[in-house]
Amino acid sequence: MRDQPPCPPPPEDVLEIGAPEQFAALAHPLRQRLLFSLGHRPATVRQLAAQLDAKKGNVAHHLKVLREAGLVHIAETRQVRGGTEQYYQRTARHMLVAEPRAAGTAAMLAAFAQELDRSPTETHLTLRHLRLSPTKARELGEALARLVDEAEEDAEDQPLHGVLVALYQQARPAETTGH
């Protein structure tokens, strides 16, 4: 593959999202889609624009915002026909929102909803409420994370699938804040 850098540096394993500029960067659907697209391998502005059916100028702008927020970086540069081509990569394989805020969560779920809507095949989406002790909830969360982390991927010519895993404790009516 001539369009791929030979050996990009591996991303960090986990990046904890918490800074205001990171939440602001996550608030735009195209930036979410760029992060999804950069989940497996570095790509250029041209490659990302073609993949996402977006204008190169828009992609470049949103990559700049993601880069300034520390969510992507330039993994490699390459000289091509008198210019420099930059390969962007996520700064981490996993991005963990340690203390989710409503705006950031809404942006992430909106991007997820767009991904579901664009899926060419039937999707699987389930919401279930379970009564669990704190120990069982922790064990379930660890098992879900392990299941996703340890899933073996097929060859690069196979379709890319998104996975969203959430485990949360519902607020009791007396604990709601009235928003």
Nearest-0.05 FRET efficiency for Leu130 and Ala174 at R0 = 25 Å, using Cβ-Cβ distance, is 0.75
Of (i) 44, 38, 34; (ii) 45, 43, 34; (iii) 64, 36, 30, which is the value of Cα extents along the principal axes in Å derived from the coordinates here?
(iii)
Return one whole number: the accessible area per residue of region 31-104 in Å², for a 1.4 Å probe.
54
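If you roll a 1.4 angstrom probe over the protein chains with everything in place, what fraction of the accessible area of the chain belongs to carbon and sulfur, to the nearest %? Display every interim value, and only then the final one.
Working: 6790 of 13120 Å².
Within the chain, the accessible surface is 52 percent carbon and sulfur.
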Cα lying deepest toward the dipole's positive end in the chain, options Ala24, Pro120, Ala50, charges on Cβ
Ala24
How large is the dipole of region 77-179 about the Cα centre if only Lys and Arg carry +1 and Asp and Glu carry -1, each at its Cβ, rounded to the nearest 20 debye?
520
Quick one: work out the % antiparallel among DSSP beta bridges in the chain, nearest 5.
65
The chain, dipole about Cα centre (Lys/Arg Cβ +1, Asp/Glu Cβ -1), debye to the nearest 20
560
If you take every residue apart from Ala92 with its C-beta less than 14 Å away from the C-beta of Ala92, what net charge results, scoring Lys and Arg +1 and Asp and Glu -1?
-1
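Kindly provide the GluC sites (Glu not before Pro) of region 112-154 that DSSP labels as loop, not H, G, I, E or B, and whose Cβ sees at most 14 other Cβ atoms within 10 Å. Please list the in-between numbers first.
Working: sites: Glu115, Glu122, Glu139, Glu142, Glu150, Glu152, Glu153; in loops: Glu122, Glu150, Glu152, Glu153.
Here the GluC sites (Glu not before Pro) that fit, given the DSSP loop and packing criteria, are Glu122, Glu150, Glu152, Glu153.
What percent do you get for the relative contact order of the chain when only Cα pairs under 8 Å and 6+ apart count?
On the way: 156 pairs, mean separation 45.4, N = 179.
Worked out over the chain, it gives 25 percent.
What's the ranking of 44-55, 73-84 by average number of surrounding C-beta atoms within 10 Å, highest first?
Working: 44-55: 15.8, 73-84: 11.4.
Highest mean packing first, the order is 44-55, 73-84.
The values are calculated or read from the model by the stated rules, or taken from the named source; none is laboratory data. Only a predicted model underlies this, so the values are computations on that prediction, with no experimental measurement involved. Quick reminder, even Gly has a Cβ in these numbers, built from the backbone with ideal geometry, and neighbours come from all protein chains shown. Accessible surface areas use protein heavy atoms only, side chains included; no ligands, DNA or RNA. Shrake-Rupley method; radii C 1.70, N 1.55, O 1.52, S 1.80 Å.
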